[in-house]
Amino acid sequence: MASTETAPPPAGPSTSSPRSSGWVFAVTIFLSAFLLFQVQLLVAKYLLPWFGGAPAVWTTSMLFFQMLLLAGYFYAHRVSARLSQQAQSKLQIALLVVTLVLMVTLAVRWGSPITPGPAWRPEDSGRPITELLQVLFVSLGLPFFLLATTSPLLQRWLASQEGEANTGIYRLYAVSNLGSLLGLITYPFLVEPNLRIMTQARLWTLGFFVYAALTAICAWHVRRNAPATPEPAAATAPLSWHDRIFWFALSMCGSLSLISTTSLVSEDMGVVPMLWVLPLTLYLLTFILCFSGLPLYRRAYFYPGLAITLVMAVLGLYRGAYLSAYAQIYVFCFSMFVICMVCHGELARSVPSPSRLTSFYLTTAAGGAAGGIFTGLIAPITFNGFYEYHVMLVMSALLVLWAMFRDDDPWLRRPNLWLPFAIVWIVALVPVYLQHVGWATIEESAMRWVQGVVIGLPVFIGLLIWLESRMNIPAAPGMWFTRSGLVFTVAFLALMLYVETTAERGKLLIQSRSFYGVLKVRERNPESREFRYYELLHGRILHGMQLQADEHRHTLTTYYTKGSGLGMAMMNHPRRKAGPIRIGAVGMGVGTVAGYVRAGDLIRFYEINPQVMRLSLGNQVVFTYLQECVGRFEIVRGDARLSMERELEENRPQGYDILILDAFSSDAIPVHLLTLEAMQMYLKHLRDEDSVIAIHISNRAVDLKPVVAGLAHRLGLQATWVTRNAFGETIAASDWIIVSRSRTTLDAEDFRKEGYPMTANQDAPLWTDDYSNLFRLIKK
């Protein structure tokens, strides 16, 4: 996470008065922190549509921000140690001048120095991580780096002027945190709803110029008051590698918690700044609380709280697909808050002396960057599923053990032999409960082992309590038993998480992961020749299935049956009776809609995920709807909106009779595909007034009907909603909205009987490229 700093708490109020320049330093640090957090949200939102609205856009952006933060802290640490303050101030001014010249140049070319022009848009997002990092570096690299150096460098300058012993310097830490927090929470509530994205970028640029002027004033004060040669370092005990590694691990775990939680929540709802801001705010709040100087972090409260939190998080993972959106946000964000409180609380307990300020910053920034590298680069390559959250939970438990063993807390020395095993027994009840209520299907061999623990441990605990009452056990063996029990508890937590990753319903045939998410193909009813089928899941959401019996392979299933809203639009379109039709489809899934294509028809898919395409094309095809399509089909690789905009720019409107928008059934709603500007673009690709847009809005977390109603009302379109209940295993509950300029198709008998004409009131939300509020649409 790009936290501006992690400074130690003040030991008490300052006894020396700051110089008259102190307020300039404070304002500069405040503004740099404000701009640092604002620009993360602004630029990530701007680039989101370029990469399909995937949750990994934010994860990769966070990696970039953390790496630059680390670079800024390293710079501040090295120049503070190697250069005189006069030389430091000159170097900082030189960097400012170079940055401002670059920003002016880019502003002339792009209209804003931090919003890259259309030429930087990826053609097909074949290398999304590399392309995103390149765009971020070109547009934001130098300004962000300069902002990242500000807080540690200016604090060091002011500390040298006021004296190393003046702990009042840490008031600037509170100022920095305030700027960070305001920059974070004002964006979704004040900036985003009221300002267009280009206006936001230009105002941010203006703020950066003000920051540059303030930094120049601070540098002038330093040059006037500082000696020309580096000050000799105060004699302090060297930092041990044990301390550095401990800080690094705590910071990495906090970063892992933030990024993996944000990805987990966004995966099932949508990738919008509001869902980035909530975890980020909680993360920053833990810094403020832990480093406030007040005794807000107490192990006696937060260690038991962490144990409960870990169990709650595991329950959330098991039950996630069935929890409401609000319940998921609460469970995972609350868990993240407690974990970060423990990580940052332990950091606050182990801070060094003020003379080691930049070294402490550098180590914690390196840990945060390591968390970003793990989630943004290593995990997508190493794991075939979203398992970094599981790694983070185990890591947080291990760090608590390390912290306790490191300090040798008195309670660890007490011979309470039974206590850790009682904790193990409570934890062991969780998978038994999950199996009992049907929330998880656990392998029989693993379940027998768990049940053995649940049955056997109470007997063992009773024996230990009896031994304690009869024997005077020395502290050393008692401490060994206690520590062993705690280690065993963590091992059992790891086992529960492993079981969660393998507790699949049905036989797992394929599981793969990419920038765009996790895909699973499962075989269901393998013993039945007639009803055996393969299903595709993106994350935890069904995205289609196909029966495998030869006589049923062409059967239309799940959301796409002839009784669905899409089926009604297909079967009742007036041009279908007159001759061939052209169909566009945003999102391919298993290719079920190709079953509607007749000889002479054409269907053109827009698909951004190459993993999805490989399941229907190539040498190892799993789903055969496309291979067996009797008409023609085409596949356009890349983000649908960018591809369709490019077609219009090249004067190639597609003239669709039916355009299917099938990208909103959870797994991170791509908001940019359902904005006013996107809908206006879709209309340009339709053949005539009778053409229709079929929008699939089946979603367990978000109700998109008001959004579509608002768009139809704004554009003067006719809209009818068709909802269907699930029937058996192969027909899923579905919600479709059919939109058209005319009522020719919507006046068909099927729509009159089964459809619900839609109207929008004045309060209907209208999503635009500049603003979209997903929270007000969350289902209770």
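What to note about this one:
- Selection within region 596-635 - surrounded by fewer than 22 Cβ atoms within 10 Å (Cβ to Cβ), touching a helix residue (DSSP H, G or I) at 6+ places or on another chain (Cβ under 7 Å) and under 24 Å from ILE129 (Cβ atoms): ILE635
- Residue list for region 587-598, restricted to those being out of contact with any Asp or Glu (no Cβ under 6 Å at 6 or more places or on another chain) and either part of a loop (DSSP other than H, G, I, E, B) or of a type in the set (A, V, I, L, M, F, W, C) (or both): GLY589, VAL590, GLY591, VAL593, ALA594, VAL597, ARG598
- THR759, sole failed condition from (1) assigned to a loop (DSSP other than H, G, I, E, B); (2) over 30 Å from ASN194 (Cα atoms): (2)
- If the condition is being closer than 15 Å to LEU774 by Cα, of a type outside the set (A, V, I, L, M, F, W, C) and out of contact with any Ser or Thr (no Cβ under 7 Å at 6 or more places or on another chain), then region 651-690 contributes SER666, ASP667, PRO670, HIS672.
- Going through (1) modelled with pLDDT of 80 or more; (2) assigned to a helix (DSSP H, G or I) one by one, TYR297 falls short only on (2).
- In region 188-203, residue modelled with the highest pLDDT [restricted to those that are over 15 Å from MET274 (Cα atoms) and touching a helix residue (DSSP H, G or I) at 6+ places or on another chain (Cβ under 6 Å)]: GLN200
- Residue in region 308-320 that is in a loop (DSSP other than H, G, I, E, B), assigned by TED's automatic domain parsing to the domain that holds GLY52, under 29 Å from LEU63 (Cβ atoms) and at pLDDT below 80 present: no
- Filtered by the rule that a residue be among the β-branched types (Val, Ile, Thr) and touching a Phe, Trp or Tyr at 6+ places or on another chain (Cβ under 7 Å), region 563-590 gives ILE583, VAL586, VAL590.
- Number of residues in region 651-675 that are at pLDDT below 95 and either more than 25 Å from the chain's Cα centre (by Cα) or not assigned by TED's automatic domain parsing to the domain that holds ALA594 (or both) equals 0.
- Filter result (buried (at least 18 other Cβ atoms within 10 Å of the Cβ) and not β-branched (Val, Ile, Thr)) within region 175-201: SER176, ASN177, GLY179, SER180, LEU181, GLY183, LEU184, TYR187, PRO188, GLU192, GLN200, ALA201
- In region 473-579, counting only helices (runs of 4 or more DSSP H) that sit wholly within it, the ones holding 1 or more residues that are at pLDDT below 75, buried (at least 16 other Cβ atoms within 10 Å of the Cβ) and among the aliphatic types (A, V, I, L, M) span 475-502.
- Region 346-369, residues that are in contact with a helix residue (DSSP H, G or I) (Cβ under 7 Å, 6 or more places away or on another chain) and either surrounded by fewer than 24 Cβ atoms within 10 Å (Cβ to Cβ) or not in a helix (DSSP H, G or I) (or both): ALA348, SER350, VAL351, PRO352, PRO354, THR358, SER359, LEU362, ALA366
- Residue match in region 362-373 (condition: on the phi < 0 side of the Ramachandran plot and without any contact (Cβ under 8 Å) to a residue 40 or more places away in the chain): no
- Residue within region 736-747 that is within 30 Å of THR262 (Cβ to Cβ), at pLDDT 95 or above and buried (at least 20 other Cβ atoms within 10 Å of the Cβ) present: yes
- Boolean, VAL707 is touching a Pro at 6+ places or on another chain (Cβ under 7 Å) and buried (at least 19 other Cβ atoms within 10 Å of the Cβ): yes
- Flag if THR262 is more than 21 Å from ALA54 (Cβ to Cβ), under 21 Å from the mean Cα position of the chain (by Cα) and either at pLDDT 80 or above or not in a helix (DSSP H, G or I) (or both): no
- Which numbered condition SER240 fails, given (1) in contact with a Leu (Cβ under 8 Å, 6 or more places away or on another chain); (2) modelled with pLDDT under 80: (1)
The values are calculated or read from the model by the stated rules, or taken from the named source; none is laboratory data. As the structure is a computational prediction, the values presented were derived from the model and not from experiment. Virtual Cβ from ideal backbone geometry, glycine too; neighbours counted across all protein chains shown.
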